[in-house]
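Read-outs: derived from the displayed coordinates by stated rules, not from any lab. Since we're looking at a predicted model, the values are computed, not measured. Every residue, glycine as well, gets a Cβ built from its backbone with ideal geometry; the counts of neighbours run over all protein chains shown.
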Amino acid sequence: MSDWLLSLDGTETGLHLSMALALCAALLHAVFGALQKGRHDPWLSRAGIDVFTFLLALPVALFVVPWPQPHMWPIFAAMWAIHVVYKILQAMTYTRGAYTVVYPVVRGTAPLFAVLGAGLLFGEHFNAVQWLGVAVLLSGIYGLALYNLRKITVNRDRLVPALGFAVATGGMVALYTTFDAYGIRQAADPFTFLAWFFVIDSVFMPLVCARRLMAMPRADRTDLLRRGVLGALVAFASFGGIMLATRLGPVGQAAVLRETSTVFSALIGWLMLGESTGPRRVALMAMIAAGAVIVQLAS
């Protein structure tokens, strides 16, 4: 599997697969965000997800994939630190703000910084038409956040700090997207990188929240862990998919495509959370999709 995947690097098939993986990651990331923002505290939700991420990834890392090369351990250490900061900021964002407001801000901030980071680290540069596509996409995403903001009547006093944390979280998304792309490109086997990424990345939140997890009523803890299994499977596909996408194709394009997750999150809010979707929201979601299309067609 690894040899086949690496053989696609630099080919047209590899580019198409990269874009398909990024779109799948967009859908699954919206699902992942909804799971973390669900009925439980976002800190506990992420801890429950990470428990099963660790348990499922560890046997693969130890017994299935090749052992990492020595030069990968400093990369894993830096990656762990970046993701810890990201998880803290994400939990603080979701604790303070409505999902449909803060999620678009997080996702809108991320692609701009990711495209800039890819230019600095990998020498990838967008042309003028692609930047136009980024502008259209960001306009749709931030427009959606502003539209949702107008509809919020509960806890409005907490929205300003929530939006500040959302912007900071978006910056960390861009940083981990770029650095993870660097890490998976340094690994001899991409699945070795993914297996150890999930093992290392999933340690922090369960340790931090261990006392609170044990203090939960048994029924709530059982429900949380049940959702954790689903969240872990979604995380494997979502985060693993975007990392493989950045291994096979341009980081900036994959980052832009992933931010169509905002469209999927709005659809989830409509279908699963009963939130209204009027013509303005539909138009804004169309802008997001159009921006992603422009970036791809102009590449």
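Using helices alone, I'd like the mean residue ellipticity at 222 nm for the chain: each DSSP H run of four-plus residues gives -39500 (n - 2.57), total over residue count, nearest 500.
Roughly -27500 deg cm²/dmol at 222 nm, from the helical runs in the chain.
Whole-Hz ³J(HN,Hα) for each residue in the range 133-146, computed from phi via Karplus 6.51 cos²θ - 1.76 cosθ + 1.60 with θ = phi - 60°, x for glycine and proline: what do you get?
With coefficients 6.51, -1.76 and 1.60, one gets x, 4, 5, 5, 4, 5, 4, x, 5, 6, x, 5, 5, 5 Hz.
When a/c reaches 1.5 or more, the comparison of a/b and b/c decides; with that in mind, is the range 129-260 rounded, prolate or oblate per its Cα gyration tensor?
Taking the square roots of the gyration eigenvalues as a ≥ b ≥ c, the range 129-260 is oblate.
Residue by residue, what Karplus-based ³J(HN,Hα) values in Hz, rounded to whole numbers, does the range 284-298 have, using 6.51, -1.76 and 1.60 with θ = phi - 60° and x for Gly and Pro?
5, 5, 5, 5, 4, 4, 5, x, 5, 5, 4, 4, 6, 5, 8
Provide the gained length on full extension for the span residue 293 to residue 280, in nm with one decimal, where the gain is 0.36 nm per separating residue minus the Cα-Cα distance.
Separation in residues times 0.36 nm, less the Cα-Cα distance, equals 2.7 nm.
Using +1 on the beta carbon of Lys and Arg, -1 on that of Asp and Glu, and nothing else charged, what's the dipole of the chain about the Cα centre, debye to 20?
Roughly 1180 debye for the chain.
Describe numerically, in nm with one decimal, the distance between label points set 7 Å from Cα along Cα→Cβ at residue 9 and at residue 120.
About 2.4 nm, to one decimal.
Taking 35 Å as R0, compute the FRET efficiency from the Cβ-Cβ separation of residue 131 and residue 63 and round it to 0.05.
Between residue 131 and residue 63 the formula returns 0.15.
Give me a comma-separated list of calculated 3J(HN,Hα) values for the range 248-254, in order, Karplus coefficients 6.51, -1.76, 1.60 applied at θ = phi - 60°, integers in Hz, x for any Gly or Pro.
9, x, x, 5, x, 5, 5
Cα-Cα pairs above 18 Å in the range 1-152: how many percent?
73
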